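Peer 1: Below is the structure I would like to discuss, written out as structure tokens.
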Number of protein chains: 4
Amino acid sequence: MAMKGILRPGLVQIRVMDVEAALSHYVDRLGLYKVGSDAGRAFLKGADEFEHHSVTLVEADTPGMDFIAFKVMEEADLDHFEARVRAEGIAVAHIAAGEQPGYGRRISFVAPSGHTIQLFAHAEQSEPKPDLANPDIWPVEPHGMGARRFDHMQLNGVRVPETLDFFTRVLDFYLAEKVDDESGAPIAIWLTCGMKAHDVAFVDGGVPGRMHHAAFELADWNAVGHAADIITKYNLSIDLGPTRHGITRGRTIYFFDPSGNRTEVFAEGYTYYPDHPVRVWDKQSLGKGIFYYQRQLNDNFMNVVT
Amino acid sequence: MAMKGILRPGLVQIRVMDVEAALSHYVDRLGLYKVGSDAGRAFLKGADEFEHHSVTLVEADTPGMDFIAFKVMEEADLDHFEARVRAEGIAVAHIAAGEQPGYGRRISFVAPSGHTIQLFAHAEQSEPKPDLANPDIWPVEPHGMGARRFDHMQLNGVRVPETLDFFTRVLDFYLAEKVDDESGAPIAIWLTCGMKAHDVAFVDGGVPGRMHHAAFELADWNAVGHAADIITKYNLSIDLGPTRHGITRGRTIYFFDPSGNRTEVFAEGYTYYPDHPVRVWDKQSLGKGIFYYQRQLNDNFMNVVT
Amino acid sequence: MAMKGILRPGLVQIRVMDVEAALSHYVDRLGLYKVGSDAGRAFLKGADEFEHHSVTLVEADTPGMDFIAFKVMEEADLDHFEARVRAEGIAVAHIAAGEQPGYGRRISFVAPSGHTIQLFAHAEQSEPKPDLANPDIWPVEPHGMGARRFDHMQLNGVRVPETLDFFTRVLDFYLAEKVDDESGAPIAIWLTCGMKAHDVAFVDGGVPGRMHHAAFELADWNAVGHAADIITKYNLSIDLGPTRHGITRGRTIYFFDPSGNRTEVFAEGYTYYPDHPVRVWDKQSLGKGIFYYQRQLNDNFMNVVT
Amino acid sequence: MAMKGILRPGLVQIRVMDVEAALSHYVDRLGLYKVGSDAGRAFLKGADEFEHHSVTLVEADTPGMDFIAFKVMEEADLDHFEARVRAEGIAVAHIAAGEQPGYGRRISFVAPSGHTIQLFAHAEQSEPKPDLANPDIWPVEPHGMGARRFDHMQLNGVRVPETLDFFTRVLDFYLAEKVDDESGAPIAIWLTCGMKAHDVAFVDGGVPGRMHHAAFELADWNAVGHAADIITKYNLSIDLGPTRHGITRGRTIYFFDPSGNRTEVFAEGYTYYPDHPVRVWDKQSLGKGIFYYQRQLNDNFMNVVT
């Protein structure tokens, strides 16, 4: 099919209190690769990603997410979406090429949920990335948990119904699944800009602009089990898992980086198509939707955000 | 992203000499569900598919594929593609709604490779299909090999370069991988209409319109191993596997239905995006591309088609 | 090596309040096979077991375990162990052949922990069981969770140090792992009579003769994940998992039968040899020992027994 | 049960033409650890083994196996088996403690098949080995294929019936499976000294004392798939697999070290007990017995030995 506009989550900038400690988490344990650094920042990627980097760790006093940037298909998409976003009465800022090494210009705006969303059309490629000539299945043997790519985020914020409208009507996302409250208003939404079961999720958290977790893709349930073995071996702080999500059907573990940002390793999930009906969860089934095996939420999951 | 036009392979009609024997293969072993039948035909689907059926088995004197039909996003796409195809000087036939139970009208034409390609916009839904309200991960417990959906086909035919041009320029497919001969001309192409690593592959086989295999999706490598156990337990005719493809990175087994049509069970494969560079194999690496572990082709794979 | 005496756990009799409901649990879900029944009892087995049955479900007013019976190598072992047990001042009862269908005579005695332990030398074989001539890997395609055999039990009771002495000195078991309290006295012991990491575990529960769980073997971590999918699909009552044990390294889920007896599905575990040193856990590491990923115990695990 | 005598395969000495190249194979790829070296020899082990080393690579002009050594339970077993072997009219040599670093004295003799068999009772421990106090599931994060231990060998030689008699009557092994020729005489035997489905196999190869393969244990089918990925990534010479054995039910790949010695990675296999009936294969089913999915032998497997 003709695929235009926003392709995928491409870059997240995460605030950490100690970059070196964070590198141990994201590189040695999670399995990403460090491709560069500058004053107070480190740039990481998964070996299955072409772009220069997909995670920027930036030293800060508080944890959390500065922004998530989505890659669009072509340069003209930036102007197209800038106009659309402005038409909503939302300000759009311009970020010059080179602010992130290897990255072209980006546009930036704040979604109704309170999160900073960015779009970019160009990024240089960096190693490791998939080979193109008679490729092996990976360019380098995986290490640690073997995370292949930055996959998606869950963002807790405000104004979920308006956020749903904004992402679907203005940014051409699709609603794959949602949780409705008793009145039928969405309190949690799983949005996809392609054929993954989700690329970003928004949950009503009462406070704007919070990060619930950044998720990285593993190969399968077996890799999720291996990730759990690593979490205990190195005494990482675990939240929950290994388990499965009812929503997206993904296999998952939640755990924390040394600054308290929640990391998810995620595998499988179903294949979404834009003609699929929306899957709807009622509020009392949310526990099963989030933690399919436990069928109940835990306090950490609901209340700990950065 | 905005996704328009051809979504996915939706239906294949396979000729079999004995429908009952074929049902044992596709239902009891592969794990599909029979949703109906009429004189000389049986209609099957995977439990992860919404549409009425994705496989039609039709009794015939010779094995092979009658047609593969792709689902488009909306009714208007049928007219749009009909005009485009006619503009190539290719005849387009109309197939009335109801020719297949539960299916709306289809358009039909012959690709340069010699295969009959169809498009449809509407199909009724049938059980089993994914639940929509507080869904479990499957509507029914999987059986047999647990095939979840009709995934893709490999079609051996003629005029591969023209077929590549037709599918990418006229039908909006993307070229994910290809094998070039010494002159740089493509002799095998892996095409996707979405984010799967491929939805259809064409290989230069010297004869138009042949079927190499119909592939069905399994969950993962473990399911591929279980499929292999079933193949031997029931003494099915195996071609090769369990192995991995270098091309698409998929996990695979090839085996044969009782009429000699090749079935593939396929899992994993990478996530494709339309901004990805094409992966190119040279002819002497084709063995590794097809059978990543064995790194050489076998005669069956090259010569047995239906 | 020459292997003599007690071979393995061979039979457990579990009290259930409703045999039909229990059959749904143990047969349809867990994947055992019903090989017979009589008034108030049903007899089940795994397809990887040769003996007539390995689980007897008996209708009763309260849940729990009536006895666990171990198979010995030969008839003379029964007399040998009867003499040894009597020499401890423990009474030994005789149970006539045929009390359980297909079973020869058994001897029965009460261990210091308060549990009824039995030994038998002969049982008829029943279907399904492994083929012997050009065998397939299973005699019948697995169903449900695919449990292959009755694997082990955890029994909560009293007098753990005396139970350890009795099982190792009198019955020739080996101590694979233990948890010591602050004084160095064992409060939990994992005993093996062969090369599995454990065949029976005893935990100090303050009350004699209680059943903590009966465990059944699955193939691997993937099968454990599939078992979890089944547990939620059919809304079975889960205790904890999927997770791993630090003790034995096994992969596990705990869940409950309709009468409240805890069932474990268990996979992997290390290979034990009688020259291996004992692995010792201190009391504050017990959480990690039991639930390796969570690294803490839950109240259910500690307090719910039958 | 009381387990006495020969416990397990403990040490194999393999001849290689280039020790450095062999270290890349056995350490970097297979996942063993080098624990020492001396002139012309390197000593390796798996992280799940306690003893000092389980593989000795020794530089030589031709590949093959110098000896396989089994660990016995206690010192007295050496004298016991020496007497038994001598009673067969077979010479027994004494090898002094320290000939292999960390090893106590060994006895050595030649089996009817033409292979040098050794026994030892004592070996020092070395790192990495399983932790004993609140152990993690591995002492170090696995690398490469993640081989956990030296598992078993297949030895091709002569006089298979006499070898079967010798190993079962004199050395207390058990016959788990065998292949009979048309006259009912065994031409291939799978022998276990414990509860693994086999510890050593002998196949009639027409020539005494040849090595078919040395096998190392992987965790499961998923690890076998990962091993296959590594084999192709590093362009190792593969023989066959990933597949399953009908005999033992193990999951397997055969590939070659740089000197041409066949290595097997092996996972799963059933749990054997000494009261199990022998599983018997007829000669025309040998293909299915060896390569369960392919159901036919290849020439390499039959003819390439070292």
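The values are calculated or read from the model by the stated rules, or taken from the named source; none is laboratory data. Please read all numbers here as calculations on a predicted model, not as lab measurements. Heads up, the Cβs are rebuilt from the backbone with ideal geometry, glycines too, and the neighbour counts pull from every protein chain shown. Protein only, heavy atoms only, side chains kept; ligands, DNA and RNA dropped before computing areas. Shrake-Rupley method; radii C 1.70, N 1.55, O 1.52, S 1.80 Å.
Peer 1: Restricting attention to region B:204-225, report how many residues are open to solvent by 30 Å² or more (accessible area, probe 1.4 Å) and more than 11 Å from every other protein chain (Cβ to nearest Cβ).
Peer 2: Adding up the residues that qualify gives 6.
Each row is one residue, and each column tells you yes or no for (1) in the same structural domain as residue A:193 (by TED's automatic domain parsing); (2) open to solvent by less than 20 Å² (accessible area, probe 1.4 Å).
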residue	(1), (2)
A:103	no, yes
A:108	no, yes
A:113	no, yes
A:116	no, no
A:126	no, yes
A:131	no, no
A:141	no, no
A:153	yes, yes
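Peer 1: Within region C:8-35, how many residues turn out to be under 15 Å from residue C:52 (Cα atoms) and among the aliphatic types (A, V, I, L, M)?
Peer 2: Number satisfying all stated conditions: 4.
Peer 1: Something else: Taking residue A:276 as the residue in question, decide whether it is outside the structural domain of residue A:18 (by TED's automatic domain parsing), out of contact with any Cys (no Cβ under 7 Å at 6 or more places or on another chain), at pLDDT 95 or above and surrounded by fewer than 22 Cβ atoms within 10 Å (Cβ to Cβ).
Peer 2: Judged against the criteria, residue A:276 is a match.
Peer 1: Go through (1) more than 14 Å from chain C (Cβ to nearest Cβ); (2) open to solvent by less than 40 Å² (accessible area, probe 1.4 Å) one by one and return the number of the condition residue D:161 breaks.
Peer 2: Single failed check for residue D:161: (2).
Peer 1: Moving on. Can you tell which of B:155, B:175, B:191, B:164 is outside any strand (DSSP E or B) and either within 23 Å of residue B:273 (Cβ to Cβ) or hydrophobic (A, V, I, L, M, F, W, C) (or both)?
Peer 2: So the residue among B:155, B:175, B:191, B:164 that is outside any strand (DSSP E or B) and either within 23 Å of residue B:273 (Cβ to Cβ) or hydrophobic (A, V, I, L, M, F, W, C) (or both) is B:164.
Peer 1: Output the number of residues of region D:24-79 satisfying the condition of being open to solvent by 30 Å² or more (accessible area, probe 1.4 Å), without any contact (Cβ under 8 Å) to a residue 60 or more places away in the chain and touching a strand residue (DSSP E or B) at 6+ places or on another chain (Cβ under 6 Å).
Peer 2: Of the residues in that region, 4 qualify.
Peer 1: Return the residue satisfying two criteria in turn: it lies in region C:165-174 and is open to solvent by 30 Å² or more (accessible area, probe 1.4 Å) and not aromatic (Phe, Trp, Tyr), and of such residues it is farthest from residue C:6 (Cα to Cα).
Peer 2: The qualifying residue farthest from residue C:6 (Cα to Cα) is C:165.
Peer 1: With the checklist (1) closer than 23 Å to residue D:12 by Cα; (2) modelled with pLDDT under 95 in hand, flag the one item residue D:268 doesn't pass.
Peer 2: Residue D:268 satisfies every listed condition except (2).
Peer 1: Taking only pairs six or more apart or across chains, which ones have beta-carbon atoms under 7 Å, a first residue in region D:242-271 that is more than 19 Å from residue B:226 (Cα to Cα), and a second residue that is part of a strand (DSSP E or B) and among the charged types (D, E, K, R)?
Peer 2: D:254/D:239; D:254/D:262; D:254/D:264; D:255/D:239; D:256/D:239; D:256/D:262; D:262/D:239
Peer 1: So, one more: Among residues belonging to region B:164-198 that are under 24 Å from residue A:131 (Cα atoms), in contact (Cβ under 8 Å) with a residue 24 or more places away in the chain and over 17 Å from the mean Cα position of the chain (by Cα), point out the one that is farthest from the other protein chains (Cβ to nearest Cβ).
Peer 2: Filtering region B:164-198 for residues that are under 24 Å from residue A:131 (Cα atoms), in contact (Cβ under 8 Å) with a residue 24 or more places away in the chain and over 17 Å from the mean Cα position of the chain (by Cα), the one farthest from the other protein chains (Cβ to nearest Cβ) comes out as B:185.
Peer 1: What pairs come up if the first residue lies in region A:122-146 and is away from chain B (no Cβ under 12 Å), the second is surrounded by fewer than 17 Cβ atoms within 10 Å (Cβ to Cβ) and not in a loop (DSSP other than H, G, I, E, B), and their beta carbons are under 7 Å apart, counting only those six or more places apart or on different chains?
Peer 2: So the pair list comes out as A:141/D:233; A:144/A:28.
Peer 1: Just to be sure before I move on: is residue C:99 surrounded by fewer than 22 Cβ atoms within 10 Å (Cβ to Cβ) and over 30 Å from residue C:21 (Cα atoms) in the structure I sent?
Peer 2: The answer is no for residue C:99.
Peer 1: Starting from residues that are out of contact with any Asp or Glu (no Cβ under 8 Å at 6 or more places or on another chain) and modelled with pLDDT of 95 or more, keep the ones in region B:1-20 and report whichever is least open to solvent (accessible area, probe 1.4 Å).
Peer 2: Taking the candidates together, the pick is B:12.
Peer 1: A follow-up question, please. Tell me, which strands (runs of 3 or more DSSP E) lie completely within region D:199-306 with 1 or more residues that are closer than 26 Å to residue A:219 by Cα?
Peer 2: Answer list for region D:199-306: D:210-217, D:237-244, D:251-256, D:262-267.
Peer 1: In region C:233-257, which residue that is within 14 Å of chain D (Cβ to nearest Cβ) and polar (S, T, N, Q) is farthest from residue C:270 (Cα to Cα)?
Peer 2: C:243
Peer 1: Since residue C:284 meets every condition but one in (1) within 14 Å of chain D (Cβ to nearest Cβ); (2) touching a residue at least 12 places away in the same chain (Cβ under 8 Å); (3) open to solvent by 40 Å² or more (accessible area, probe 1.4 Å), which condition does it not meet?
Peer 2: (2)
Peer 1: Could you check region A:226-257 and list, in sequence order, the residues that are open to solvent by less than 10 Å² (accessible area, probe 1.4 Å) and among the aliphatic types (A, V, I, L, M)?
Peer 2: A:227, A:228, A:230, A:231, A:247, A:253
Peer 1: Another question about this same structure. Please determine, by comparing only the residues of region B:42-78 that are under 25 Å from residue A:2 (Cα atoms) and among the β-branched types (Val, Ile, Thr), which one is nearest to the chain's Cα centre (by Cα).
Peer 2: Going through the qualifying residues, I end up with B:68.
Peer 1: Counting only residues that are within 13 Å of residue D:290 (Cα to Cα), among the β-branched types (Val, Ile, Thr) and under 18 Å from the mean Cα position of the chain (by Cα), how many does region D:222-273 have?
Peer 2: 4
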